[in-house]
Amino acid sequence: MKTTRAPLCREEVESRNELFASTRWMTVLKAGDSAAASAHALSALSELCQIYWRPLYVFLRKQGYGREDAQDLTQGFFAHLIETRGYAHADRQKGRFRSFLLGAFKNFIADARDHKHALKRGGGMILAKLDDHAETQIARPAKWQTDEVYDREWAASLVRQALDRLAEECALTGKAELFRCLMPRLAATEGSGVPYEEMAQQSHLTVMTLRRELVRLRARYRAILREEVRGTVGEDAEVDEELRYLCQALAAA
């Protein structure tokens, strides 16, 4: 069962977009250099954890942990990370949040074999349950190593977050139906996906209008995806390399 969240107003969306690059991982890294954690940095870390808990959960499930144990350990890890300021030990020379998080998680799991760090469900960071389709994906025979599964799920989480943001923006401009119509074609090649003629009949728009709107949505989607990646790396120069790597991880799936 998925939780529902209240839609953002236009001012909230615009504020989030403007501050996005400066309120995520770089903010957390800077806070790690100081003696005291700022509320701003903890808020940024909490937001990152809420978005990217799923790759860690899937990582544990692929290692053979049961559903409830994986949820407890993932929640416990995020609580431990925030309470102990574990991010202060992040290597700024290896500034990707993705890499830091998996390394810290592996250490936490190794330590949890001797100490009870796991939190019971209901009071932790995980705000949504995985749907049955996701659990089916986890149960399939593994074709990848657990680290590769983690990277694939990380890339999928970035894509979901970018699409959610784009959907919110379209809803605020009265184009929610247009987004739902064109979303299957956002990442599709020109020769695949629902034919434009069929979409035109469903949306009561011309094929030319649909093509024009798709170009605009694809451009905005790419920009948002870059912002999402930028929020998880330490330097602007790392964005393109991280994007290429994550695209390769998705393609391998």
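Extension gain, Leu250-His89: 0.36 nm per intervening residue step, less the Cα-Cα distance, totals 55.0 nm. Once all protein chains are placed together, Thr146 keeps about 40 Å² accessible to a 1.4 angstrom probe.
Remark: spin-label model distance Val207-Glu68 equals 5.7 nm, labels positioned 7 Å along the Cα→Cβ axis. Go ahead and collect, in residue order, the members of the range 210-242 whose backbone nitrogen is under 11 Å from a label point 7 Å along the Cα-Cβ direction of Lys30. Answer for the range 210-242: none. Here Ile109 sits with roughly 10 square angstrom of accessible surface, probe radius 1.4 Å. Per-residue SASA remark: Lys106, around 80 Å² accessible (1.4 Å probe; ligands, DNA and RNA not included).
Distance between the pseudo-spin-label points of Glu197 and Ile82 (7 Å out from Cα toward the beta carbon): 5.4 nm. Placing pseudo-labels 7 Å out from each Cα toward the beta carbon at Ala187 and Thr173 gives an inter-label distance of 2.2 nm. Normalised by the number of residues in the range 143-253, what is the relative contact order in percent for Cα pairs under 8 Å and 6+ residues apart? Normalised by residue count, the contact order of the range 143-253 is 39 percent.
The values are calculated or read from the model by the stated rules, or taken from the named source; none is laboratory data. All values derive from a computational prediction rather than experimental measurement. Backbone-built Cβ (ideal geometry, glycine too); neighbour counts: all protein chains shown. Keep in mind that these areas ignore ligands, DNA and RNA; they rest on the heavy atoms of the full protein, side chains included. Shrake-Rupley method; radii C 1.70, N 1.55, O 1.52, S 1.80 Å.
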